[in-house]
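Reviewing the structure listed below.
Any read-out appearing in this document is the output of simple, stated calculations on the displayed coordinates, not a laboratory observation. Note that the coordinates shown come from a computational prediction; the quantities given were computed from them, not determined experimentally. Cβ coordinates were reconstructed from backbone atoms using ideal geometry, including for glycine residues, and neighbour counts include every protein chain displayed.
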Amino acid sequence: MSAPGQPLDYRSAGVDLEAAEASKDRLKALVESTMTAGTRGKFGGFGGMFRMPAGARAPLLVSSADGVGTKVKVAVEAGRLDTVGHDLVNHCVNDILVQGASPLFFLDYVAFGKLEPRNVEAVVAGVAAGCRENGCALVGGETAEMPGVYTPPDFDLAGFIVGWVEEDAVLGSERVRPDDVLIGMASSGLHTNGYSLARRIVADRLKLGPHDAFPGLGTSTADALLAVHRSYLPALAPVLDRVHAMAHITGGGLPGNLNRALPEHLDAVVDTTTWEVPPLFRALGDAGHVPREEMFRTFNMGVGMVALVAPAHAEAVLAAAASASVPAWRLGHLTSGSGRVILS
């Protein structure tokens, strides 16, 4: 506490401007490593600029914003901050991919209670890795120090993506046909959803710390919970013209996301015997005595993306996934109904 009448500055209020400048210096190379052919302007501008792809006829911009939720708590507890930014980019890429869009550029927002340049660099290094993986440019962002809002070492992270698709190539429920089949694509773990429940089970029921071995996986709890959210762009970009609609399986699981890809007159029948639920989910369910319905509503249960395709194109989609090293399989089919998801 400062004495009455003592001069105050921003540092005395908890904000370190020198640390903020040091953080910016650390980020320059990371940001420049993501620049693509459409990037315009230099690092440090007030706004990011990007040129639309040459040859676009009737392009639509597709945008999305998201965070990684309480997965940041796992990262803090494990002392590993360089993966959640990668999660964030891949999550956002998948969200616009379901409409057939390819990513153009990305912006991030990171807020700390106390700004440590090395921690900012670790988080943004993950963002840059995700941008490079998906061929999108990190054109801007914001790093904030907010004492009194976040208690160190806690922080928050959000991302904003913009992509594009030709207007006549937008995917969605309008394209779905009654004979379409469901193609499931494997998740890489929890992705970025269900962590409030998962963390409680791990801490209260399994009594595990981040560096303890996770039962049945042969890996640490941190490795199991921080596995990077998979991007499905490499698997689906070559066959988007064969796909009618997609569902990114995030919060709400299969029942709460696959229904968003359905027309009102069709139900999706998911055959839950077509894949083996990964051990991570089984361990969480058993330790938490979580009912089956709640498991499927909270977690992706091993399915991160579902594509709805005509039977004639199913093999092409499966082959594209295999070429990208993404396990994929026939997950189910459609039937007359009212837009529901039926787990059989």
For a footprinting-style exposure proxy, rank Val84, Val74 by other Cβ within 10 Å, fewest first. Val74, Val84
To the nearest 0.05, how large is the calculated FRET efficiency for Met52 and Arg118 if R₀ is 30 Å and r is the Cβ-Cβ distance? 0.25
Computed E for Asp168/Ser344 - FRET, C-beta separation, R0 30 angstrom, nearest 0.05: 0.30
Given segment 173-343, what whole percent of its Cα pairs are spread farther than 19 Å? 55
Label points 7 Å out from Cα along the Cβ direction at Arg199 and Gln6: separation in nm? 3.5
Roughly speaking, what is the centre-to-centre gap between segment 147-201 and segment 229-306 when only Cα atoms are used, to the nearest Å? 11
For a footprinting-style exposure proxy, rank Tyr150, Tyr195 by other Cβ within 10 Å, fewest first. Tyr150, Tyr195
Remind me, relative contact order of the chain in percent, using alpha carbon pairs under 8 angstrom and six or more residues apart? 21
With a 10 Å Cβ neighbour count serving as the proxy for reagent exposure, in which order, fewest first, do Thr274, Thr34 appear? Thr274, Thr34
Less than 24 Å apart at the alpha-carbon level, and either on another chain or at least 8 residues along: which lysines does that give for Lys114? Lys24, Lys28, Lys71, Lys73
Value of [θ]222 nm, deg cm²/dmol, for the chain, DSSP H segments ≥ 4, -39500 (n - 2.57) each, nearest 500: -8500 deg cm²/dmol
